[in-house]
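The values are calculated or read from the model by the stated rules, or taken from the named source; none is laboratory data. Quantities reported herein were computed from a predicted structural model and do not represent experimental measurements. Methodologically, a virtual Cβ is constructed for each residue, glycine included, from the backbone with ideal geometry; neighbour enumeration extends over all protein chains shown.
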Amino acid sequence: MKDLLRTNSSLHEGIEKLLNIQAKIESDASNKYLAMAAWLDRNGFANTADYLYKQAEEEREHFLKVFKYITEMGGIAVTPTVSEVQQEFRSMKEVFEIALQNEITVTNAVNKIVAKCRTENDYATEEFMMWYVKEQREEEKNARRALELFELIDENSGSGKFELDKEIAKIGAIE
Ligand code: OFO
């Protein structure tokens, strides 16, 4: 039965493996944003907390999208294990520095799948992954803009934290 399924699947095993890794990365990304949102929330940054709660939901959607694609293509979608994520942060700035770093890591993983699709002539998955390529470009841009705001607004000035909380949250609102 498994062999028959494999014959019926147009997914190359190596690509199926990378897609399952991607599913876990997206699932982890959701949990990372959730922990960041909770930290912002309990430290009084209500607006950026809402922004990152929303990001956590989006990452969950990204996870489901790739997870379902694996099954749709006749592959075996493996439910990812839940990894530990960072719960405490030194500052709001550190949250957004880590967010950018995480987004760059996700982009690299997406690019790795596209490169593999090209060597295996898997045009369907390459086309599917283009949605992620575009999404990552947008998310990296937003994460960079958030960090840029720390250059423009002094976090340690009187109302700096308050202003940053408001301005960074606007990035999410204009997505
Ligand atoms: Fe899944 O969009 Fe960024 O990480």
### Task
Can you work out which of the residues in segment 75-96 that are among the aliphatic types (A, V, I, L, M) and either in contact (Cβ under 8 Å) with a residue 60 or more places away in the chain or more than 15 Å from Leu147 (Cβ to Cβ) (or both) is surrounded by the most Cβ atoms within 10 Å (Cβ to Cβ)?
Met92
### Message
What's the total number of residues in segment 115-163 that are within 21 Å of the chain's Cα centre (by Cα), among the aliphatic types (A, V, I, L, M) and surrounded by fewer than 17 Cβ atoms within 10 Å (Cβ to Cβ)?
### Response
4
### Query
So which of Lys116, Lys112, Lys134, Lys93 is among the basic types (Lys, Arg) and within 17 Å of Met36 (Cα to Cα)?
Lys93
### Query
Do we find that Gln55 is surrounded by fewer than 16 Cβ atoms within 10 Å (Cβ to Cβ) and either among the aromatic types (Phe, Trp, Tyr) or at pLDDT 95 or above (or both) in this structure?
no
#### Entry: Test for Leu64: is it aliphatic (A, V, I, L, M) and crowded, with 18+ Cβ neighbours inside 10 Å
no
### Task
Name, by its number, the condition in (1) surrounded by fewer than 20 Cβ atoms within 10 Å (Cβ to Cβ); (2) in a loop (DSSP other than H, G, I, E, B) that does not hold for Lys17.
(2)
### Message
Could you check segment 40-56 and list, in sequence order, the residues that are closer than 18 Å to Glu103 by Cα, more than 11 Å from the ligand (Cβ to nearest atom) and not aromatic (Phe, Trp, Tyr)?
### Response
Thr48, Ala49, Leu52, Lys54
### Message
Given the criterion in contact with a Ser or Thr (Cβ under 7 Å, 6 or more places away or on another chain) and either free of Cβ contacts under 8 Å to residues at least 24 places away in the same chain or not hydroxyl-bearing (Ser, Thr, Tyr) (or both), identify the matching residue among Ala37, Ala56.
### Response
Ala56
### Query
In this structure, is Glu16 closer than 24 Å to Lys116 by Cα and not aromatic (Phe, Trp, Tyr)?
yes
#### Entry: helices (runs of 4 or more DSSP H) wholly inside segment 65-175 that include at least 3 residues being among the aliphatic types (A, V, I, L, M) and within 13 Å of the ligand (Cβ to nearest atom)
92-120, 123-152
### Query
Quick check: is even one residue across segment 22-34 under 26 Å from Glu163 (Cβ atoms) and away from the ligand (no atom under 15 Å from the Cβ)?
no
### Task
Kindly indicate which of Ile104, Ile113 is within 30 Å of Asn156 (Cβ to Cβ) and modelled with pLDDT of 95 or more.
Ile104
